Amino acid sequence: PSGIRFPAMYAKNPLIRVASAGPVLLILGIFCFEWYAFNCVFMLRGLGRWKGETIEVAFFRAFFFNAFWLLAIWSFLRCAFSDPGFVPRWWLDQNQGCRTEPSYFGWMPGRPSTCGKCEVPRPERAHHCSICGKCVLRMDHHCPWVGNCVGAYNHKYFILMLFYGILAAMTYGSSAAPVLAAMFGKGGGHWTIGNLGVKGWGLFSMGAVLSASLCLAMSILFLSHLWLMAVNRTSIEVAYAGRNPYSKGVFENSAQLCGRFGIDWLLPIPSFRPMTDGCKYIDYNRVDPECGV
């Protein structure tokens, strides 16, 4: 269900379309800088290891950093350039003329509603994005850093981007541990096997501080979205009162977002065996009387 398109094209205002490219290019620039500082400075000039370390340590550092970096930027691009879950034409055609309910800030399992802004029908759990000017299936939020909404079709990519970004930043940070320790007066006199040079030390140190900062920020965001996935809510639905009629346990909740468990959970690709098309949640529409919905 996800086509590759430029995300900013969905914004109504042309100025927003132009401005939304800024944060995306900034993130891409950070990706490129971290890759350059690690591979071209630390690995090529410094030979990827500190005095007293073996060459195997350098090999594993290079392998894991580049593997995590590649998966992180892949996930970022999929999240940014994929359809987040705009209401598909086939659903609108099938539900043309059907009775819908007015938009309501709360749980509406199995009941399509009419958007108060688009004034068109939309499936359950869909919400309007004021920036894109469209309703998005299972919308979580509009993220300026990816220039796109995070919804039913790309929320998995967003989580994977954070997960692999954290691992790449941790690998960089652990490799630069002597540099970070020296900045806080906890060590000194650590030298790489190769000669980094003054400029190289500056670039590598800057990358180390940046990776440590990003690791902290992404960890907070990752844990919050991991919790949202586990309880089957979005950032919008977390404010809903009453019991969640879609929650069926951590594993089933995760499968609803990522598909049935498999290797595709770890890759930024569409699910091999999706649990829902984002428009209807058949197995989740049986609501307990105690839910009060």
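Quick notes on this one:
- Residue order for GLU53, GLU34 - accessible surface, 1.4 angstrom probe, largest first: GLU53, GLU34
- Surface accessible to a 1.4 Å probe, LEU203 within the full protein complex, Å²: 40 Å²
- Highest-MSF residue in the chain out of GLY22, GLY46, GLY242 [GNM, Cα springs under 10 Å]: GLY242
- Surface accessible to a 1.4 Å probe, ILE27 within the full protein complex, Å²: 40 Å²
- Averaged over its residues, the chain has an accessible area of 50 Å² per residue, based on protein heavy atoms and a 1.4 Å probe.
- Only one of [x] 1.00; [y] 0.95; [z] 1.07 was calculated from the structure for Rg/Rh (Cα atoms, Kirkwood Rh), and its label is [z].
- Distant-in-sequence amide contacts of VAL150, defined by a placed amide H-H separation under 5 Å and a gap of 5 or more residues or a different chain, comprise ASP140, HIS141, HIS142, CYS143.
- Taking the 1.4 Å solvent-accessible surface of the chain as the whole, the part contributed by carbon and sulfur is 67%.
- Across segment 52-61, coupling constants 3J(HN,Hα) worked out from phi with the 6.51/-1.76/1.60 Karplus curve, θ = phi - 60°, read x, 9, 8, 5, 5, 4, 5, 4, 5, 4 Hz, and Gly and Pro carry x.
- Gyration tensor (alpha-carbon) shape descriptor, segment 84-215, a/c threshold 1.5: prolate
- Here's how it looks for PHE86: its modeled amide H is under 5 Å from those of LEU137, which are all 5 or more places away or on a different chain.
- Model label points for ALA181 and ALA217, set 7 angstrom from Cα along the Cα-to-Cβ axis, are 2.7 nm apart.
- Fraction of antiparallel bridges per DSSP, segment 72-217 only, in percent to nearest 5: 80 percent
- Between ALA58, ALA255, ALA168, the GNM of the chain built on Cα springs shorter than 10 angstrom shows ALA58 fluctuating the most.
- On Cα atoms only, tilt of 197-231 relative to the major axis of the chain in degrees: 30 degrees
The values are calculated or read from the model by the stated rules, or taken from the named source; none is laboratory data. Note that the coordinates shown come from a computational prediction; the quantities given were computed from them, not determined experimentally. So basically every Cβ, Gly included, is an ideal-geometry build from the backbone, and we count neighbours across all protein chains shown. Note: areas computed on protein heavy atoms with side chains; ligands, DNA, RNA excluded. Shrake-Rupley method; radii C 1.70, N 1.55, O 1.52, S 1.80 Å.
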